[in-house]
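The values are calculated or read from the model by the stated rules, or taken from the named source; none is laboratory data. Predicted model only: the values in this text are computed from it and were never measured. Here the Cβ positions follow ideal geometry from the backbone for every residue, glycine too, while neighbour counts run over all protein chains shown.
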Amino acid sequence: MNLRHSAHRKTPPKGGSSISDAEAPFCAVIGAGPAGLFAADALARAGARVVIYEHKASPARKFLMAGRGGLNITHSEGLERFISRYGAAAARIAPYIRAWPPQALRDFCAELGETTFVGSSGRVFPASFKASPLLRAKRLGEYLAQKNRCELRSDARLMEKHFGAWEGRAWDDITRSEIDAWAADVSGYAPPGGESAQQLMQRVQIFLRDVAQLPQQNIALVAHGGSIRALLAQIGNVPLAETLSWEMGYGAVIGVRNLSAQK
Ligand SMILES: Cc1cc2nc3c(=O)[nH]c(=O)nc-3n(C[C@H](O)[C@H](O)[C@H](O)COP(=O)(O)OP(=O)(O)OC[C@H]3O[C@@H](n4cnc5c(N)ncnc54)[C@H](O)[C@@H]3O)c2cc1C
């Protein structure tokens, strides 16, 4: 491939010049699955103009499906053992894995605003445990920003509450003692490897404090149910538990007006 910019460039060219630069090489990527999306991202970062062709109605369908049961993205075991898992294909695959080892994938997820954690089996999962929030909030944010010609920022402090080992499990699978401990301290209890409601409230509070410093008058926040309730609890100065009874439809748009500021 004859890319004008180095393919190893880590950051996108400044000012999106790759898109408008008619001299940049044009690349077509067929298929908007994880492989195609990642290839498109790498090509765009390297300065190419990229168009992704997908024949289904929306991108990354299988990936979103994979997230339903808890997405295992890589493994924390030593690199040599990890490579040996590829069996007969190990020798062929090894150079690619060495060039982009499991930690690079975890760093990439962090760059997207999705931290990862090592489960008890050594497998690595996104902190929110499901693939769908990773893409859904990002895609909606991108769509809104493009439609309204406004700046898009992602902020990990608005991630959904991290339920740790409870993620993706049915209530019946969680031990009685853990549920009792949670019931005894709903705001302070953190499921194993996860966070408490208090911790969620704290990060949302710091986020809101920073947002209040911004010069922009109108700000749209795209977030998940738990984070939205935490935002509303902070803004309305009510306990988080009180917001649990508030009706909030799937895909709801919630407007917040600061009446005291208008007086
Ligand atoms: C239930 C389930 C659970 C899973 N769990 C995990 C997991 O925990 N961890 C994990 O790593 N993996 C998991 N996987 C596997 C993972 O989803 C796949 O490995 C991954 O999606 C493969 O990505 P891909 O880009 O190679 O292919 P795909 O995801 O199949 O994407 C290919 C894309 O190309 C499009 N396409 C094909 N032909 C054309 C064409 N001619 N023109 C235009 N578009 C075309 C397709 O519509 C599709 O969107 C799971 C999969 C399933 C189904």
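Kindly check whether there is at least one residue in the range 113-125 that is modelled with pLDDT of 85 or more and over 29 Å from Lys62 (Cβ atoms).
So far as the range 113-125 goes, no, none of its residues is modelled with pLDDT of 85 or more and over 29 Å from Lys62 (Cβ atoms).
Restricting the search to the range 50-102, which residues are away from the ligand (no atom under 12 Å from the Cβ), in a helix (DSSP H, G or I) and of a type in the set (Lys, Arg)? Spell out the reasoning first.
In the first step, residues of the range 50-102 are kept if they are away from the ligand (no atom under 12 Å from the Cβ); the result is 50, 76-101.
Adding the requirement that they be in a helix (DSSP H, G or I) leaves 79-84, 87-99.
Those that are away from the ligand (no atom under 12 Å from the Cβ), in a helix (DSSP H, G or I) and of a type in the set (Lys, Arg): Arg81, Arg92, Arg98.
Which condition number in (1) closer than 20 Å to Gly36 by Cα; (2) modelled with pLDDT of 80 or more; (3) not acidic (Asp, Glu) is the one that Met65 fails?
If we test Met65 against (1) closer than 20 Å to Gly36 by Cα; (2) modelled with pLDDT of 80 or more; (3) not acidic (Asp, Glu), just (2) comes out false.
Of all residues in the range 204-263, which are part of a loop (DSSP other than H, G, I, E, B), in contact (Cβ under 8 Å) with a residue 40 or more places away in the chain and of a type in the set (Gly, Ala, Ser)?
Residues satisfying the conditions are Ala220, Ala223.
Evaluate the range 35-44: report whether one residue or more is near the ligand (Cβ under 10 Å from one of its atoms), within 27 Å of Arg136 (Cβ to Cβ), of a type outside the set (Val, Ile, Thr) and exposed (fewer than 14 other Cβ atoms within 10 Å of the Cβ).
So far as the range 35-44 goes, yes, one or more of its residues are near the ligand (Cβ under 10 Å from one of its atoms), within 27 Å of Arg136 (Cβ to Cβ), of a type outside the set (Val, Ile, Thr) and exposed (fewer than 14 other Cβ atoms within 10 Å of the Cβ).
Determine which member of the set Ser196, Ser187 is in contact with a Leu (Cβ under 9 Å, 6 or more places away or on another chain), of a type in the set (Gly, Ala, Ser) and either more than 26 Å from Arg61 (Cα to Cα) or surrounded by 12 or more Cβ atoms within 10 Å (Cβ to Cβ) (or both).
Ser187
Could you list all residues from the range 116-126 that are free of Cβ contacts under 8 Å to residues at least 60 places away in the same chain and either of a type in the set (Phe, Trp, Tyr) or under 18 Å from Val222 (Cα atoms) (or both)?
Phe125, the sole residue that qualifies.
Among the residues of the range 147-169, count how many are in a helix (DSSP H, G or I), of a type outside the set (Lys, Arg) and surrounded by fewer than 16 Cβ atoms within 10 Å (Cβ to Cβ).
1
Within the range 203-228, which residues are surrounded by 13 or more Cβ atoms within 10 Å (Cβ to Cβ), modelled with pLDDT of 90 or more and not aliphatic (A, V, I, L, M)?
Scanning the range 203-228 gives Arg203, Gln205, Phe207.
What do you reckon, is Leu144 within 13 Å of the ligand (Cβ to nearest atom), surrounded by 12 or more Cβ atoms within 10 Å (Cβ to Cβ) and modelled with pLDDT under 90? Don't jump to the end; show me each part of the working.
On the way: within 13 Å of the ligand (Cβ to nearest atom): no; surrounded by 12 or more Cβ atoms within 10 Å (Cβ to Cβ): yes; modelled with pLDDT under 90: yes.
The answer is no for Leu144.
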